[in-house]
């Protein structure tokens, strides 16, 4: 039976539903989608797309770090945006975290995201 280890960082927002920040199975870490929630006060930071994208990446970084991983371990990302016109802004901020050998990825526009977020990103990383 495959072991399933729950990863929880105090430096990322607590889940707002029945899920975990991340699950490690074997050498693969599955990170739940993050939106712009401040882990200090659990409040949604609904500012500009730039602010939201930076907070999302910061939250993901904290979860990766809790599992002793970094962005260099990410092999797959999914970006959800509520407005595809925000793609280039999110792409620029996201790109700052993946200078060399970025992961596979798709970006999709969705009708809505939790708490009215403009962007949500999930990832898969490998040790």
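The values are calculated or read from the model by the stated rules, or taken from the named source; none is laboratory data. It should be emphasised that the depicted structure is a prediction, and the values quoted were computed from it without experimental measurement. Here the Cβ is made from the backbone with ideal geometry for all residues, glycine too, and neighbour counts use every protein chain on show.
Details
- Residue list for region 1-27, restricted to those being surrounded by fewer than 13 Cβ atoms within 10 Å (Cβ to Cβ) and either assigned to a strand (DSSP E or B) or free of Cβ contacts under 8 Å to residues at least 12 places away in the same chain (or both): 1, 4, 5, 6, 17, 18, 25
- Unique residue being touching a residue at least 40 places away in the same chain (Cβ under 8 Å), out of contact with any helix residue (DSSP H, G or I) (no Cβ under 6 Å at 6 or more places or on another chain), surrounded by fewer than 18 Cβ atoms within 10 Å (Cβ to Cβ) and assigned to a helix (DSSP H, G or I) when the list is 65, 76: 65
- Check on residue 52, within 15 Å of residue 123 (Cα to Cα), crowded, with 22+ Cβ neighbours inside 10 Å and either at pLDDT below 95 or under 13 Å from the mean Cα position of the chain (by Cα) (or both): no
- Residue in region 37-46 that is surrounded by fewer than 16 Cβ atoms within 10 Å (Cβ to Cβ) and assigned to a helix (DSSP H, G or I) present: no
- Residue within region 94-113 that is assigned to a helix (DSSP H, G or I), modelled with pLDDT of 95 or more and in contact with a helix residue (DSSP H, G or I) (Cβ under 8 Å, 6 or more places away or on another chain) present: yes
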